[in-house]
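Undergrad: Below you will find the structure I want to go over with you.
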Amino acid sequence: MQEKSKILIIGYEEYDNNMYPHTKAIIDKLGQVQKVEYFNFKQRGFLWIKKDYHIKDYIKSFASTIRLIIEAIRNLKRLSKIINDYNYVIAIDHYIYVLVSLFMCNKKTKYILWSYDIIVKKGPYYSKLWIKLILRLFPLIIQKHKYIIIQDDERFQLLKDTVNIQNQDINIFYLPVCIEDIPLQYNKRKNLRDKPLLLQCGYIGFIRNSHFFTEHYQKHYLEYNLMFHGKISENFSLLLKKIEIKPILSLDLIVPNEVYKIIDECDIGIISYMIRGDMNSFFMANACGQLCEFLRMGKPVIIMGNMNLSKLVEKYKFGIVISDIFQLKDAINKIKEDYQDYSDNAKRCFDENYIVDRYIERLHTWIIK
C-alpha cells in the first residue's frame, strides 16, 4: 500500500476514551484495515444565545463568533500542513466539511461528509447567521464532491430538504450509529428485580421529558425505582430540589466506552425526546446512541415521544412505545410479564443492526473505490 493511500478523519473531539463511542469505534476498526489518522478541529461551529435576547447575550454571542472565527483560522492553518498527505478526507458534520472543502480542496483528494446531526429549519441553531452562511454554501459543495456517510435514507431526505440539495447523483453510505459489543469477560446482571429500576441516560432535562418521569415517580415510587445518569440541565436541577421523592442520580463522569456498566444496573431503559418540530430528533431509529447502549446490554426499552422508533420496536419487540406518561405503569407491568423475551429481543436487535463489525468491510471498500 502506498504511503499516500491514507484516510484522514476530521472531527471536533479529542481522540481518547471520552470520545463519542460510535466515532471511536469506526476510527479504531477502520484503522485495522487501512491507515487512518484523526485531526481534532476542536469546534462544531454551533453558537447559542438565550431566548430572552438581552443585550449582554448579543455581546456574548458576537464575542463568541469572533473567537470561533479566530480558532477556525488557526485550525485551518494546522490542517493545511498535513492534508495533502491523504487521498481520503472524511469531515464530521456540516461546519468542518464546508470549511475544509472551501479552503483545502484539491483534485487528488476524495472529500466525504460524515453526517451526524442535521441543523433543521425549526431547530435551535438554524437562525444563527454563522450557521446560515455554512448551510448556504453546503449544497454547492456536496454537489461537487457527492459523497455522504449518513445514518439512513430518512435522515438523508431530511438533510436534502433542509439544505435544498438539487443534484440526485449523490453517492451515499448508510452507517447507523454502531458500537462494539461489551467485553466477552464481562458478566452481565440477568435477573429482573421485583421492583425494577428504570434508567434514563445522556442529557437529563425538560427536552428529554425527564420532568414527566420524575412527576410520575412521585406517585408510583413503591412500584419501581427511577435513575438518571448523565448531565442534568440547570432548570431540571431546580425541579429536583423541590420534589419529595428523589430519583437516584448518577452524576459521576464515566468514560463513554464504560457506560455499559451503568446500563447494566438498570432493568428497563427510557428514551424520550420533546420534538417540537426538530425533525433531527424525530428520525432516531439509526441515530440514537442511548438506544444502542440499552440494546447492547439486553435491556428492554420504554420509548415515549413522537419518534420513528415504532417500526423498529414492532419488528424486534424489545420494548414498548407509549404516547404519554399515563401509560408508563402498564408498560412496566407488561415488560415484567415477559422480561426475558424482551431482553433477548433487545440483544438480537443490537447484533443485527448496531454492532460495528457489520459495517467496516463495506465502509472501507466504499471509501477507497
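The values are calculated or read from the model by the stated rules, or taken from the named source; none is laboratory data. Source: prediction; values computed, not measured. A quick note on method: Cβ atoms are made from the backbone with ideal geometry, for glycine too, and the neighbour counts reach across all protein chains shown.
Undergrad: Go through segment 159-182 and count every residue that is within 22 Å of the chain's Cα centre (by Cα), without any contact (Cβ under 8 Å) to a residue 40 or more places away in the chain and part of a loop (DSSP other than H, G, I, E, B).
TA: Residues in segment 159-182 being within 22 Å of the chain's Cα centre (by Cα), without any contact (Cβ under 8 Å) to a residue 40 or more places away in the chain and part of a loop (DSSP other than H, G, I, E, B): 0 in total.
Undergrad: In addition: Looking at (1) hydrophobic (A, V, I, L, M, F, W, C); (2) under 16 Å from ARG208 (Cβ atoms); (3) modelled with pLDDT of 95 or more, which is the only condition PHE282 fails?
TA: So the condition that PHE282 fails would be (3).
Undergrad: Let me ask something else about it. Go through segment 198-225 residue by residue and tally those that are closer than 18 Å to PHE326 by Cα and either aromatic (Phe, Trp, Tyr) or over 23 Å from the mean Cα position of the chain (by Cα) (or both).
TA: Total meeting the criteria: 15.
Undergrad: Return the only residue of LYS144, LYS190, LYS195 being modelled with pLDDT under 90 and outside any helix (DSSP H, G or I).
TA: Exactly one residue qualifies, and that residue is LYS190.
Undergrad: Something else now. Tell me, which residue of segment 94-117 that is modelled with pLDDT of 80 or more and assigned to a loop (DSSP other than H, G, I, E, B) is farthest from GLY11 (Cα to Cα)?
TA: LYS108
Undergrad: Give the residue that is farthest from ILE275 (Cα to Cα), with candidates limited to residues of segment 207-224 that are touching a residue at least 40 places away in the same chain (Cβ under 8 Å) and not in a helix (DSSP H, G or I).
TA: Checked segment 207-224; the qualifying residue farthest from ILE275 (Cα to Cα) is GLU223.
Undergrad: Being among the polar types (S, T, N, Q) and over 17 Å from the mean Cα position of the chain (by Cα) is the requirement here; does SER310 meet it?
TA: Criteria met by SER310.
Undergrad: Of all residues being in contact (Cβ under 8 Å) with a residue 40 or more places away in the chain and assigned to a loop (DSSP other than H, G, I, E, B) in segment 13-29, which is farthest from TYR116 (Cα to Cα)? Just the residue, please.
TA: Top of the filtered list is ASN17.
Undergrad: Looking only at segment 332-361, count how many residues are over 26 Å from GLU180 (Cβ atoms) and surrounded by 19 or more Cβ atoms within 10 Å (Cβ to Cβ).
TA: Qualifying residue count for the region: 2.
Undergrad: Would you point out the residue of segment 158-197, among those that are under 21 Å from SER281 (Cβ atoms) and in contact with a strand residue (DSSP E or B) (Cβ under 9 Å, 6 or more places away or on another chain), that is surrounded by the fewest Cβ atoms within 10 Å (Cβ to Cβ)?
TA: TYR174
Undergrad: Out of LYS219, LYS241, I need the residue that is more than 26 Å from ASN333 (Cβ to Cβ), in the same structural domain as MET307 (by TED's automatic domain parsing) and exposed (fewer than 14 other Cβ atoms within 10 Å of the Cβ). Which one?
TA: Result: LYS241 is the single residue among LYS219, LYS241 that is more than 26 Å from ASN333 (Cβ to Cβ), in the same structural domain as MET307 (by TED's automatic domain parsing) and exposed (fewer than 14 other Cβ atoms within 10 Å of the Cβ).
Undergrad: Considering every residue within segment 346-359, establish whether at least one is at pLDDT 95 or above, more than 22 Å from the chain's Cα centre (by Cα) and not β-branched (Val, Ile, Thr).
TA: Scanning segment 346-359 turns up no residue that is at pLDDT 95 or above, more than 22 Å from the chain's Cα centre (by Cα) and not β-branched (Val, Ile, Thr).
Undergrad: In segment 255-267, which residue that is out of contact with any strand residue (DSSP E or B) (no Cβ under 8 Å at 6 or more places or on another chain) and part of a loop (DSSP other than H, G, I, E, B) is surrounded by the fewest Cβ atoms within 10 Å (Cβ to Cβ)?
TA: VAL255
Undergrad: Another one. Among the residues of segment 242-263, write down those that are free of Cβ contacts under 8 Å to residues at least 12 places away in the same chain and within 17 Å of PHE213 (Cβ to Cβ).
TA: Answer for segment 242-263, where residues must be free of Cβ contacts under 8 Å to residues at least 12 places away in the same chain and within 17 Å of PHE213 (Cβ to Cβ): LYS242, LYS246.
Undergrad: Moving to a separate point now. Can you tell me which residue in segment 67-93 is surrounded by the most Cβ atoms within 10 Å (Cβ to Cβ), limited to those that are over 24 Å from the mean Cα position of the chain (by Cα), outside any helix (DSSP H, G or I) and not aromatic (Phe, Trp, Tyr)?
TA: The qualifying residue surrounded by the most Cβ atoms within 10 Å (Cβ to Cβ) is ASN87.
Undergrad: Scan segment 229-236 and give yes if some residue there is free of Cβ contacts under 8 Å to residues at least 60 places away in the same chain, touching a Gly at 6+ places or on another chain (Cβ under 9 Å) and of a type in the set (S, T, N, Q), otherwise no.
TA: yes
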